[in-house]
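Below you'll find the structure, written out as structure tokens, and then a few comments.
The values are calculated or read from the model by the stated rules, or taken from the named source; none is laboratory data. It should be emphasised that the depicted structure is a prediction, and the values quoted were computed from it without experimental measurement. Please note: Cβ atoms are built from the backbone with ideal geometry, for glycine as well, and neighbour counts cover all protein chains shown.
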Amino acid sequence: MATWIEQNILLDLGSVPFDKDDATLLSEAGSYTNCSKRTGCNTLLFGEALKDSCSDAACYNNKVARFVGQQIAVKPQLVQISTNWGPPKDNGAPGRGRYIALRLSPKSKGGKAPPSPNQKQCSHMKEATVTEGVERGLIGKVCCEPTCSGHCDVWIKMRCPRRSWSGFCLKT
């Protein structure tokens, strides 16, 4: 229930992908700086212990959608992805089982453990933006090629016919 409230009613402004002070993103709503629907603006009602959140889901979602639209207009080559599982929705963005999210980080000095498949670059790597699901508006790198030799092990695990609803392969 707490997760649902955080994703649908009190939307955390600490992780928004856009500039909270940008009044031009959705001009009819303005910026979050002085917005009366922001919990940080109503400390008497919400207290200071609560995270700075937006209480207007429609406005928040409109701002995120506008921001994603701006990203795609500036970089039309961005692959549009969804963090949801299942078949693509209206916009055709592939869901979780159709790409490998790459977590590229700087090489550590003296690290002895080999990188995980999600940390490997490949020739199929593309820049992507999340257009559906949680983390909308975030940009990252993905591999969408099931035959990729660098990510083959990950693809096999994702496509295992004995996979349970949680995504883990069931041993027989």
Can you find a residue that is among the hydroxyl-bearing types (Ser, Thr, Tyr) and either crowded, with 17+ Cβ neighbours inside 10 Å or modelled with pLDDT of 70 or more (or both) anywhere in the range 151-169? no
Residue 147 vs (1) at pLDDT 80 or above; (2) closer than 26 Å to residue 66 by Cβ; (3) surrounded by fewer than 12 Cβ atoms within 10 Å (Cβ to Cβ): all pass except (2)
Checked pairs for the range 58-74, first without any contact (Cβ under 8 Å) to a residue 24 or more places away in the chain and closer than 21 Å to residue 14 by Cβ, second among the acidic types (Asp, Glu) and surrounded by 14 or more Cβ atoms within 10 Å (Cβ to Cβ), C-beta under 7 Å and 6 or more apart or across chains, list as none
Test set (1) surrounded by fewer than 14 Cβ atoms within 10 Å (Cβ to Cβ); (2) modelled with pLDDT of 85 or more - residue 140 fails condition number: (1)
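Residues checked against (1) part of a helix (DSSP H, G or I); (2) modelled with pLDDT of 90 or more; (3) in contact with a helix residue (DSSP H, G or I) (Cβ under 6 Å, 6 or more places away or on another chain):
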site	(1), (2), (3)
3	yes, no, no
18	no, yes, yes
30	no, yes, no
40	yes, no, no
